[in-house]
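Chemist: Attaching a single structure in structure tokens format; questions to follow.
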Amino acid sequence: MKVETNPWGRWREIGDRVFVRRNRTLDVNAGLILGDERCLVIDTRSSEREGRELYRAVRSITPLPYVVTLTHSHFDHCFGTSVFAEAQPDCEIWAHERCRAELAASGVQQRMEIAGWLRESGEEVLADELDAVTVTLPNRTVNAADVSLDLGGRQVRLHHPGRGHTDNDLIVDVPDADVTFLGDLVEQGAPPSFDHAYPLDWPDTLTRLLDQVGRVVVPGHGDTVDAAFVARQRSEIAQVAELARKLPPQLEDAELEWQANRLAVGGAAGFIALKRAQEHLAELAQLQ
């Protein structure tokens with residue numbers, strides 16, 4: 001098996017005219033799909049500087065007009081969008097309707113919180129870049145119905161399979177290339193991120209996807225994977241949901257940490273996941 005010695009900051013063709021660019025900052029992926037008349041850019045990275053870097057990378061491949069799709073509302077996937085909107089004023093920017101609502105309601109707050117977290121982590125440069133970001137909202141939205149984008153001689157499907165990493169995850173399918181972009185519904189090289197997740201729903205969402213994903217699957221972070229990897233991660237998240245349903249409500253954090261260490265996703269991620277699951281179980285109990 002060939003080992004990727006330098007995967008960072010370059011396009012890799014993973015299907016016919018379908019490219020992924022793995023970026024060293026946060027190991028986040030961006031995608032590019034070429035049609036005959038226009039192209040699709042998937043996610044725009046963390047800041048306007050990174051957005052400009054991605055824009056130049058797109059233009060190194062194609063001069064075609066572009067459409068942008070955002071896989072969800074987290075900063076590392078969408079805070080470079082203003083660069084693409086300014087460079088092409090008629091640019092379509094697609095996302096789930098709740099992604100647009102989330103960015104409209106709390107995009108600026110997210111920018112401030114992430115900048116503060118980066119400074120505490122010693123990432124002053126990226127924090128300063130976050131401070132300068134203009135949060136740009138999607139101007140096209142997907143809801144319950146799938147959307148088919150015509151890129152000229154090629155159809156790309158956008159759809160929301162259910163709640164998982166967020167409540168606004170958007171999937172990009174390229175049927176004629178057998179490639180699927182899953183955003184952060186799947187991560188390679190690191191545990192799934194549960195900070196804004198729905199651990200009780202996430203396994204069912206991935207189950208619905210298992211028979212639909214292409215031969216090549218692009219996660220939000222890390223190297224490309226396949227359906228077998230998705231199935232393994234689905235099982236790990238299902239373990240979180242099963243444990244959360246068995247535990248007594250309102251456990252102390254020390255007990256919850258002990259329980260989390262039993263999980264395949266790891267203690268740190270598992271603790272956040274169990275906390276989120278407990279919140280949702282409490283909400284469900286109030287509705288009964």
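Chemist: Would you list Arg245, Arg12 from fewest to most Cβ contacts within 10 Å?
Modeler: On the way: Arg245 10, Arg12 13.
Sorted ascending by nearby Cβ count, the order is Arg245, Arg12.
Chemist: Okay, moving on. Quick check: convex hull over the Cα atoms of the chain, volume per residue in Å³, rounded to an integer? The partial results should precede the final answer.
Modeler: On the way: hull volume 40.9 nm³, N = 288.
Cα-based convex hull of the chain, divided per residue, equals 142 Å³.
Chemist: Which one of Cys91, Thr81, Ala101 has its Cα pushed farthest toward the positive end of the charge dipole of segment 1-108, where Lys and Arg give +1 and Asp and Glu give -1 at the Cβ?
Modeler: About the Cα centre, the residue reaching furthest to the positive side is Thr81.
Chemist: Mind checking which of Ala145, Ala254, Leu281 is farthest towards the positive end of segment 136-288's charge dipole, using Cβ charges of +1 (Lys, Arg) and -1 (Asp, Glu) about the Cα centre?
Modeler: Of Ala145, Ala254, Leu281, it is Ala145.
Chemist: Another question, if that's okay. Rounded, prolate or oblate: which fits segment 120-248 when a ≥ b ≥ c are the square roots of the eigenvalues of the alpha-carbon gyration tensor, with rounded for a/c under 1.5 and prolate only if a/b beats b/c? Mind showing how you got there, number by number?
Modeler: Working: a/c = 1.59, a/b = 1.03, b/c = 1.55.
Cα axes put segment 120-248 in the oblate bin.
Chemist: Using the C-alpha atoms of segment 180-288, what convex hull volume per residue, in cubic angstrom, is computed? Provide the component values of the computation, followed by the final result.
Modeler: Values: hull volume 10.3 nm³, N = 109.
Taking only Cα atoms, segment 180-288 has a hull volume of 95 Å³ per residue.
Chemist: Still on this structure: Under 1.5 on a/c is rounded, so check that first for segment 1-154, then, if it is not, pick prolate when a/b is larger than b/c and oblate when it is not; a ≥ b ≥ c are the square roots of the alpha carbon gyration tensor eigenvalues. Intermediate values should be presented prior to the final figure.
Modeler: Details: a/c = 1.83, a/b = 1.19, b/c = 1.54.
In terms of gyration-tensor shape, oblate.
Chemist: Let me ask you something else. Expected output is a single nm value to one decimal: the length gained when fully extending between Leu284 and Arg56, i.e. 0.36 nm times separation in residues minus the C-alpha distance. What is it? Each step should come with its number before you reach the end.
Modeler: Numbers: separation 228, 0.36 × 228 = 82.08 nm, distance 4.73 nm.
Going from the current span to full extension adds 77.4 nm.
Chemist: What is the spread of the Cα atoms of segment 87-175 along each of their three principal axes, largest first, in whole Å?
Modeler: Cα spread of segment 87-175 along its principal axes, largest to smallest: 46, 32, 23 Å.
Chemist: Roughly what would the spin-label model give for Arg208 and Trp117, points 7 Å off Cα along C-beta, in nm?
Modeler: So the two model labels end up 2.6 nm from each other.
Chemist: Normalising by the residue count of segment 1-177, find the relative contact order in percent from Cα pairs under 8 Å and 6+ residues apart. Before the final figure, lay out each step's value.
Modeler: Working: 334 pairs, mean separation 33.9, N = 177.
Rounded, it is 19 percent for segment 1-177.
Chemist: Can you give the Rg and Dmax of segment 72-131 based on its C-alpha atoms, in angstrom?
Modeler: 12.7, 38
Chemist: Please give the net charge around Asp167, taking every other residue with its beta carbon less than 10 angstrom from that of Asp167, where Lys and Arg add +1 and Asp and Glu add -1. Intermediate results must be reported in sequence, preceding the final value.
Modeler: Values: positive: Arg98, Arg163; negative: Glu102, Asp169, Asp201.
Once positives and negatives cancel, what remains is -1.
Chemist: If you place +1 on the Cβ of every Lys and Arg, -1 on the Cβ of every Asp and Glu, and leave all else neutral, what size is the dipole of segment 1-177 about its Cα centre, to the nearest 20 Debye?
Modeler: Numbers: 21 positive and 29 negative charges, 83 e Å.
Computed about the Cα centre, the dipole is about 400 debye.
Chemist: Apply the Karplus parameterisation 6.51 cos²θ - 1.76 cosθ + 1.60, with θ equal to phi minus 60°, to every residue of segment 192-197 and state each ³J(HN,Hα) to the nearest whole Hz, in sequence, with x for glycine and proline.
Modeler: Each residue of segment 192-197 in turn: x, 9, 10, 4, 10, 8 Hz.
Chemist: Return the loop-located GluC sites (Glu not before Pro) in segment 195-288 (DSSP other than H, G, I, E, B) with at most 16 other Cβ atoms within 10 Å of their own Cβ; answer none if there are none.
Modeler: Working: sites: Glu236, Glu242, Glu252, Glu255, Glu257, Glu279, Glu283; in loops: Glu252.
Counting only loop positions with at most 16 other Cβ atoms within 10 Å, the GluC sites (Glu not before Pro) in segment 195-288 are Glu252.
Readers should treat all values here as calculations from the given coordinates under stated rules, not as data from a laboratory. This one's a predicted model, so the numbers in the text were calculated from it and none came from an experiment. Glycine also receives a Cβ, built like all others from the backbone with ideal geometry; neighbour counts cover every protein chain displayed.
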